[in-house]
Structure formats: C-alpha cells, structure tokens
1. At Asn23 and Lys64, where each label point lies 7 Å from the Cα along Cα→Cβ, what is the point-to-point distance in nanometres?
2. Taking amide H positions as placed in the peptide plane 1.01 Å from N, state which residues far from Ile33 in sequence (5 or more) or on other chains have amide H under 5 Å from it.
3. Show which aspartates and glutamates lie in cross-link reach of Lys48 when reach means a straight Cα distance below 13 angstrom and same-chain residues fewer than eight apart are skipped.
4. Students often check this: by mean Cβ neighbours within 10 Å, which of 30-37, 57-64 ranks highest, and how do the rest follow?
5. Among Leu49, Leu18, Leu8, which comes first, second and so on when ranked by fewest other beta-carbon atoms within 10 Å?
Amino acid sequence: MKIRNSNLVQRKEVINLLAGGNNYQQIADQLFISVDTVRHHIKNIYKKLHVHTQSEAVAKAIRKKSSSYCHLHIYVVQSSHSI
C-alpha cells in the first residue's frame with residue numbers, strides 16, 4: 001500500500017510541476033526520478049483525467065484542485081455554524 005501512496009504523491013508533484021511550466025527533464029531533476037518515470041506518471045495522469053494533452057491535464061487538475069478547495073471551504077463554514 002505504501003508504494004501506491006508514494007506513486008500518488010509523485011503524480012501530484014508531477015502535475016504541480018507541469019502546471020508550473022517545468023519540462024520533463026526539470027521535473028525528473030527536481031523529484032530525483034528518471035525522465036521515463038515522469039513520462040509514466042504523465043501517461044497515468046492523462047488516463048485518470050481522461051485527457052490527451054498537457055494543457056488539458058493542467059487545466060483539469062487546476063479545476064479539480066479548486067473544486068476540492070471550494071467543497072472543503074463550504075464544509076468548514078457549515079461545520080462552524082453548527083457549533
């Protein structure tokens with residue numbers, strides 16, 4: 001299970017670095033992984049997000065991140081009102 005969580009964390013780091021404008025080599029260097037591993041993570045990210053391009057992946061990841069933040073914010077606000 002730890003390996004799977006590690007891969008998930010790495011995929012999140014990869015998409016964040018990709019969104020930050022880093023190329024595959026820069027991502028590999030920053031995460032201390034090979035460029036092939038970056039490609040593997042990108043392929044899995046595209047599959048999971050149902051996209052075909054880098055810009056689609058970044059846009060969808062940003063929307064998902066914003067959506068998650070909004071849901072969390074709503075939950076926190078609702079919870080604080082019920083106290």
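1. 2.6
2. The answer is none.
3. Lys48 reaches Glu56.
4. Ranking the peptides 30-37, 57-64 by packing returns 57-64, 30-37.
5. Fewest-to-most Cβ neighbours within 10 Å comes out as Leu8, Leu49, Leu18.
Coordinate-derived values only; no laboratory data. For clarity, every value in this text was computed on a predicted model and none was experimentally measured. Glycine also receives a Cβ, built like all others from the backbone with ideal geometry; neighbour counts cover every protein chain displayed.
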